[in-house]
């Protein structure tokens, strides 16, 4: 199979995606909640028609995402952004099912336009001031956060025209974290929850991870809905949709040695193609490789750009790495793909799929024109 896949290439595996979608549909139906795919984490739009069969829709944080949802999934988005420009907001009015506002000042700015579109539900993003996310760059509840309205700034009564609330303070976490988050949300915002018609619990729910307690999540959501029967509950995972659904194929271009360190230089870049590995940071899994010295041959992985820090180390292999050897970086479909750049003009990975029959199809190649059109 690998010999027919061009390198580098993002490859999604349809059967694995279907497994995730079936599990998310189970939660959606048994807990009677809406589950959306968040494009910030999973924007593989070739499969939007398939996702539409299992999920309740999608959520966007920009005009481009909302338009992609409308054009490729055929539904309007649940939209949130930290702030809206006048021009973007005009477009979002025709593309959105709900629009959540990050501040009371943004709501006041666009209230008159929203009231002219009663079919679009308006919400406010709240900040409970509580999160168990350990990496600050991903934590919306850090002190001084710009994301969401703290309780001390919220009125006792929901403003006219606001029908829902929205929070997002989780990242790759389980239902027990959600339970603790909800305890804080209810303690601080319970009086407002009783006035609302819907609550968006954001993303970061790692529902499709193998050790996630799905039954606890379902029971938690059912219990919450019993306390607040007035609320329609929405979850918007991105990573859970794309979790473990595909890989990034790379090729060894050279092996160099300096200061006793052997580095395999690849045709992919950690900074340009896998930026989360440097931002989080985390060490991606390479199929068949082990920890340093677990196998006889240990190498650092070097990226394709000239950025000095574009590397990841160290991995060991049962055999020596040689030019033209292919490596598979596991779980590279969610977040990774939506964060890629064309820094240095490096070749963007191709995009392909392995369908449920095991057949590979090349879906897209990103060439020079895409690089040129982003510059002037």
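Computed quantities for the displayed model
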read-out	value
Selection count, segment 327-376, where residues are in contact with a strand residue (DSSP E or B) (Cβ under 8 Å, 6 or more places away or on another chain) and either in contact (Cβ under 8 Å) with a residue 60 or more places away in the chain or over 30 Å from residue 299 (Cα atoms) (or both)	22
Residues (over 28 Å from the mean Cα position of the chain (by Cα), within 16 Å of residue 251 (Cβ to Cβ) and surrounded by 14 or more Cβ atoms within 10 Å (Cβ to Cβ)) located in segment 275-325	299, 317, 321, 325
Any chance residue 221 is under 16 Å from residue 28 (Cβ atoms), touching a helix residue (DSSP H, G or I) at 6+ places or on another chain (Cβ under 6 Å) and surrounded by 15 or more Cβ atoms within 10 Å (Cβ to Cβ)	yes
Elements of type strands (runs of 3 or more DSSP E) contained in segment 309-369, each with 2 or more residues being closer than 11 Å to residue 9 by Cβ, in the same structural domain as residue 266 (by TED's automatic domain parsing) and modelled with pLDDT of 95 or more	326-330, 350-354, 360-364
Residue match in segment 12-22 (condition: assigned to a loop (DSSP other than H, G, I, E, B) and in contact with a helix residue (DSSP H, G or I) (Cβ under 6 Å, 6 or more places away or on another chain))	no
Qualifying residue in segment 102-120 (condition: in a strand (DSSP E or B) and in the same structural domain as residue 159 (by TED's automatic domain parsing))	no
Qualifying residue in segment 345-363 (condition: in contact with a helix residue (DSSP H, G or I) (Cβ under 9 Å, 6 or more places away or on another chain) and on the phi > 0 side of the Ramachandran plot)	yes
Flag for residue 47 being outside the structural domain of residue 359 (by TED's automatic domain parsing), more than 28 Å from residue 118 (Cα to Cα) and within 20 Å of the chain's Cα centre (by Cα)	yes
All positions within segment 250-264 that are under 22 Å from residue 293 (Cβ atoms) and either in a strand (DSSP E or B) or in contact with a strand residue (DSSP E or B) (Cβ under 9 Å, 6 or more places away or on another chain) (or both)	252, 255, 256, 257, 258, 261, 262, 263, 264
Test: residue in segment 261-274 that is loosely packed, with under 15 Cβ neighbours inside 10 Å and not assigned by TED's automatic domain parsing to the domain that holds residue 134	yes
Filtered residues of segment 175-199 (kept if within 25 Å of residue 79 (Cβ to Cβ) and under 21 Å from the mean Cα position of the chain (by Cα))	178, 181, 199
Residue tally, condition more than 17 Å from residue 166 (Cα to Cα) and crowded, with 22+ Cβ neighbours inside 10 Å, over segment 48-62	2
Selected residue (criterion: surrounded by the most Cβ atoms within 10 Å (Cβ to Cβ)) from residues of segment 23-47 that are over 17 Å from residue 354 (Cα atoms) and without any contact (Cβ under 8 Å) to a residue 60 or more places away in the chain	28
Residue satisfying condition, being surrounded by 15 or more Cβ atoms within 10 Å (Cβ to Cβ) and without any contact (Cβ under 8 Å) to a residue 24 or more places away in the chain, within set 145, 100, 105, 163	145
Verdict on residue 80 being more than 27 Å from residue 14 (Cα to Cα), within 18 Å of the chain's Cα centre (by Cα) and crowded, with 21+ Cβ neighbours inside 10 Å	yes
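The values are calculated or read from the model by the stated rules, or taken from the named source; none is laboratory data. Remember, it's a predicted structure, so these values are computed and weren't measured experimentally. Neighbour counts run over all protein chains shown; Cβ positions are idealised from the backbone, glycine included.
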